[in-house]
Amino acid sequence: MKKRMFIGIDIGGTNMRAALIDKQGKILQLNKIPTDNAAGAENASKRLVETCRSLVQKSPEWGGNVVGIGMGVAGKINAKEGLVVFSPNIPCMRNYPLGIELEEGLSIPVVMENDANVFGIGENWIGAGHALDNWVGLTLGTGVGGCLILEGRLWEGDHLGFAAELGHIIVQPGGPLCNCGLRGCLEAHASGRALMQGVEEAVEQGALSNGPLFEKWQRNALNPKVIYECALQEDPTALKLFNRMGWALGLAIANLFTALGIRHAIIGGGVSASWDLFVGPLRESLANHSSFLSPEEMVILRSSLQDDAALVGAAKLAMDLTV
Ligand SMILES: [Zn+2]
């Protein structure tokens, strides 16, 4: 009998990744294509169908066939209708039925979830959360995504189209403006975008007017990784931004631990590569904002699947729904 296999898809603002994955969560083959927002949703959808078809055709070489597809999308989705409702980093996908297009194009069932939730499902299955019952997950990327795993399952709330949107917890009333329109969200302190905005503000306020970080800003060559490298060279503005990131994460996680009576958090996403710069301030802030747990009881873990978490989680989602 042929082995059941799955395709896990991760749709981001820059790239769409699709992987052929077996039922142990092993990635057998990975395809990556540009999202190319400017070319429009239909174009992206067609190319995604093609890249998935090539994985379906490859699966017999691995002794299996693809029985389900799971897809994580950065943004708000309507899973029931296979719809991307709104994705801030992929504006062309607004109200686009990407799930339906994929399902019709390949004649294989497709399930969708928010990207932070598939990160949670992946880490919970075979990642840093596999031995934990309860934990809070945060993905630090262009924005901040969140998920809650409670009693070993993804928390879905009242099925309102969002759950555990931890990036939009307010950590500083009246603070920096967030992409969601509110001020002082966690995302406005702890995301790649927050780092970029922080540099802009420092320049506007005259606090940053020389040095490598300023030069990069002048040449329009800033990105979160450059800001990280400048912080390693002890640029005070860059260091301040990573301290602020750690402080905000610690405050948010402390409040979540207090509210939920749990004590583990897992942090992933591309910007979490700057771990060594924010984890110290994070632990300090966590200790300062917790009255029920001692610092030793609170465990902050790094994602163990890293870039693969969302792909593996999306495949697991498909696996659970096609049993
Ligand atoms: Zn917000």
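Scanning for something farther than 24 Å from F292 by Cα, in the same structural domain as L195 (by TED's automatic domain parsing), within 20 Å of the chain's Cα centre (by Cα) and not in a helix (DSSP H, G or I), does segment 226-248 turn up at least one residue?
no
Of these, G143, G105, which one is small (G, A, S) and under 19 Å from the mean Cα position of the chain (by Cα)?
After applying the criteria, what remains is G143.
Hey, any hits in segment 187-200 for a residue that's in the same structural domain as T142 (by TED's automatic domain parsing), in a helix (DSSP H, G or I), farther than 18 Å from L140 by Cβ and more than 16 Å from the ligand (Cβ to nearest atom)?
yes
Can you pull out the residues in segment 20-43 that are touching a strand residue (DSSP E or B) at 6+ places or on another chain (Cβ under 7 Å), under 20 Å from G75 (Cβ atoms) and touching a residue at least 40 places away in the same chain (Cβ under 8 Å)?
T35, A41
Looking only at residues that are more than 15 Å from A310 (Cα to Cα) and polar (S, T, N, Q) in segment 30-49, which one is surrounded by the fewest Cβ atoms within 10 Å (Cβ to Cβ)?
Looking at residues that are more than 15 Å from A310 (Cα to Cα) and polar (S, T, N, Q), I get N43.
Going through segment 212-225 one residue at a time, which ones are buried (at least 16 other Cβ atoms within 10 Å of the Cβ) and not charged (D, E, K, R)?
Answer for segment 212-225, where residues must be buried (at least 16 other Cβ atoms within 10 Å of the Cβ) and not charged (D, E, K, R): L213, F214, W217, L222, P224.
Only residues in segment 154-174 that are not assigned by TED's automatic domain parsing to the domain that holds G72 count as the first member; pair them with residues that are polar (S, T, N, Q) and assigned to a helix (DSSP H, G or I), Cβ under 6 angstrom, at least 6 apart or cross-chain, and list the lot.
Listed pairs, sorted by first residue: L154/N117.
Could you please give the count of residues in segment 258-277 that are assigned to a helix (DSSP H, G or I), in contact (Cβ under 8 Å) with a residue 40 or more places away in the chain and more than 12 Å from the chain's Cα centre (by Cα)?
4
The values are calculated or read from the model by the stated rules, or taken from the named source; none is laboratory data. Because the structure is a prediction, the values reported are computed rather than measured. Note that we place each Cβ from the backbone using ideal geometry, even for glycine, and neighbour counts take in every protein chain shown.
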